[in-house]
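The block underneath contains the structure these notes are about, expressed in structure tokens.
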Amino acid sequence: MAHGRLAGTDGGVLLNMDKYHVSINDKEYQVEIDGERVWIDGQEVYAGIHFLNDDGLFMLERDEGKREFHIKPREEDVYQVTTRGLQVETMVQPERKRGKKREVKKDEGSINAPIPGVVVKVLVAAGDAVENNQVLVVLESMKMLMEFRAPFAGVVEKVVVAMGQSVEKGDGMVVLKKMAQVSQQ
Amino acid sequence: MKILIANRGEIAVRIIRACRDLGYTSVAVYSERDREALHTRYADEAVYIGPTPASQSYLNIEAVLAAARKTHADAIHPGYGFLSENTLFAEKVEKAGIIFIGPSPASIALTGDKLEARKIAAQAGVPVLPGSEFNLNEGSVPKAIGAEIGYPVLVKAVSGGGGRGIRLAGNDEELLQMVGSASQEAKLAFGDDKVYIEKFVRPARHIEVQILGDGAGNILVIGERECSIQRRHQKLIEESPAPGLDKEVRAHLYEAARQVGLALQYRSLGTVEFLLDENQNFYFIEVNPRIQVEHPITELVTGIDLVNTQILLAASGCLTLQQEQIHMRGTAIEARVIAEDPEQSFMPTSGQVSYLKIPSGSGIRVDSALYQGMYISTDYDSLVAKLIVWGEDRTTAIRRMLGALEDFNIAGLTTDLGYLRDIVRSEDFLSGQVDTMYLESFQSVEPEDAQKLQRETALAVALYIHNKLKQTAALVNKESNQWRTAAWREQMVGFY
């Protein structure tokens, strides 16, 4: 066992122990904090924190040196973290909140408009088989034409927009089904 | 002397700084969106010119002219983009008795027509790429063109610029398709759907030469810039001098640029763009009749302030600089920080800058209109800052650029900062072996220390959240304790 003092945690021996699950780029880290003591993925490390202002700027102090971070809440449990050479979205969940974890909705088959614009071309119809990278819709925005391509080979489930239609940021335009999902049915 | 800057963003701020250097009064113009923009605060005076859409403000010739008349401006600097290459605007400015800080309207018209510019270059003895001289929109595409030049070919907008309206075609069928889409985009961007065809050279480097003319037959050549790091014909990283450029080829390029300038009787700052193929043959592409986005790298290697020089030339009409005085020293590199997401096919991003850290130090320059708290919208160009570094040699410049890119933090929206870092530290960039198609196949390689940094970040975030939760809890406890104390005191009252 990485740290024997954890024995009996489940029995509620170490009441002051706080545990956090941090996700960055699909990788999850577990950080445990008990007063001045800190563990990451079971390994005890030296880590101290100094707040630099009231607006999310702070400094992490470690054996090997110090590093500045800036943290900005984006949505519940999600923070944008900026440090020298890295800017990432992180998800931080305290252990006791974990049971209430929301299901992250990931409709990977939906092609959404990233910015407002006007649909100038719809190149597919429902039921069409599309190749990976095939152009589905052309959007005009800021005097630019932007092509939206299929992120995978599949079948068009639904075309939500029509030529000439205005779309807002985040609006769905085309819904795709993956080949694998299709063949399973 | 009072100068109105008919632009916004970093270039407006840049020109206002030049006005300060010269002791001239500056006038900014702004749209609804830019009421609080940095350029409006930097200028000595600022005039509102219309609603947010550029067509109603920064592209509105009458509104800009009215602002110049109202403030009694002596000159107008158009910057780049917007009205900078608009012949009608330049004509109206001069007719109003105001100095246009740029080329003559005739030069703008000539260089604006890419086919005309090709002809002028060819007549001046400068090599041009094989291309069609046909107006492709009159009737169907003559397939013979593609076959005659040889595929692949580029379809380009006659009134093009900024990489818009350019398409690659590998065969007859694609050519037909691309002529359609290029002219459609050209119509949207430039109001002119005419396109032409040019041989596509690969591998090729994009090298441009800075010229400065007095309009009376004197042309100075102020170094070259390597601009091969492009993404879909949009420059991302520029460098001066061009790495590994043969001395003799450089001399020929300079002479060609000078010849083009002479043929145009060129006035003011301009850039002559060339393609250099792998056999060191170069071909004229086009002339940009304005200050370029990437002008600072030339300033850093030559020590010449191009904008100051351009303004003084417009004010006095004569060049004080001489060719023998122009030398390049060291290497300068520029990286364009744009509000676009490299992981979402460079879709424009927007957001409020919640935290901003701008790099500084020896040999580091940042041209931007950024400030903490500003909202970056998708209403205008996505360029938010230019990071420019200088080093005694190329290696120093690259290291300096990497350090500065790491120090550059913009929180609140996605930018290409990480992508720029990946390019600058790629082996091909380090060796100077890049061509214009480099980014089309570029894949970021995650360095070994990235995992470690991510782990540190996880640790930092957890500690931060933990401390914040504890602080909040302490505050709640304190408040409830105070309440309890108060309640207890109230209860006590009755006992007295």
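The values are calculated or read from the model by the stated rules, or taken from the named source; none is laboratory data. Quick caveat: nothing in here was measured; it's all calculated off a predicted structure. Counting neighbours? That spans all protein chains shown, and the Cβs are built from the backbone with ideal geometry, glycine included. Accessible surface areas use protein heavy atoms only, side chains included; no ligands, DNA or RNA. Shrake-Rupley method; radii C 1.70, N 1.55, O 1.52, S 1.80 Å.
Some points to look at:
- For the stretch A:14-47, the candidate set comprises residues that are in a strand (DSSP E or B) and exposed (fewer than 12 other Cβ atoms within 10 Å of the Cβ); within that set, the residue that is farthest from the other protein chains (Cβ to nearest Cβ) is A:43.
- Filtered residues of the stretch B:175-191 (kept if away from every other protein chain (no Cβ under 13 Å) and surrounded by 17 or more Cβ atoms within 10 Å (Cβ to Cβ)): B:175, B:179
- Residues (surrounded by 19 or more Cβ atoms within 10 Å (Cβ to Cβ), part of a strand (DSSP E or B) and away from chain A (no Cβ under 14 Å)) located in the stretch B:366-383: B:367, B:368
- The residues of the stretch B:406-463 that are assigned to a loop (DSSP other than H, G, I, E, B), acidic (Asp, Glu) and either within 14 Å of chain A (Cβ to nearest Cβ) or surrounded by fewer than 16 Cβ atoms within 10 Å (Cβ to Cβ) (or both), listed by number, are B:416, B:446, B:448.
- Subset of the stretch A:48-93 [under 13 Å from the mean Cα position of the chain (by Cα) and either open to solvent by less than 60 Å² (accessible area, probe 1.4 Å) or closer than 10 Å to residue B:460 by Cα (or both)]: A:77, A:78, A:79, A:80, A:81, A:88, A:90, A:91, A:92
- Looking across B:33, B:20, B:69, one residue alone is within 22 Å of the chain's Cα centre (by Cα) and either within 24 Å of residue B:376 (Cβ to Cβ) or at pLDDT 95 or above (or both). It is B:33.
- Which listed residue, of B:270, B:303, B:244, is closer than 26 Å to residue B:366 by Cβ, open to solvent by 10 Å² or more (accessible area, probe 1.4 Å) and small (Gly, Ala, Ser): B:303
- The residue that is modelled with the highest pLDDT, among those in the stretch B:124-139 that are touching a helix residue (DSSP H, G or I) at 6+ places or on another chain (Cβ under 7 Å) and open to solvent by 50 Å² or more (accessible area, probe 1.4 Å), is B:125.
- Residue B:272 part of a helix (DSSP H, G or I) and out of contact with any Leu (no Cβ under 8 Å at 6 or more places or on another chain): no
- Search result, residues across the stretch A:142-160 that are surrounded by fewer than 19 Cβ atoms within 10 Å (Cβ to Cβ) and not hydrophobic (A, V, I, L, M, F, W, C): A:143, A:147, A:149, A:151, A:157, A:158
- Meets criteria (surrounded by fewer than 19 Cβ atoms within 10 Å (Cβ to Cβ) and touching a Phe, Trp or Tyr at 6+ places or on another chain (Cβ under 8 Å)) for residue B:317: no
- The stretch B:271-286, residues that are farther than 15 Å from residue B:123 by Cα and within 21 Å of the chain's Cα centre (by Cα): B:271, B:272, B:273, B:274, B:275
- Filter result (open to solvent by 50 Å² or more (accessible area, probe 1.4 Å) and either polar (S, T, N, Q) or within 11 Å of another protein chain (Cβ to nearest Cβ) (or both)) within the stretch A:119-139: A:121, A:132, A:133, A:134
- Members of the stretch B:320-337 found to be in a strand (DSSP E or B) and either open to solvent by 20 Å² or more (accessible area, probe 1.4 Å) or not assigned by TED's automatic domain parsing to the domain that holds residue B:297 (or both), listed by number: B:336
- Residue pairs whose Cβ atoms lie under 7 Å apart, sitting 6 or more positions apart in sequence or on different chains, and linking a residue in the stretch B:373-392 that is acidic (Asp, Glu) to a partner that is part of a loop (DSSP other than H, G, I, E, B), are B:379/B:33; B:379/B:52; B:381/B:81; B:392/B:330.
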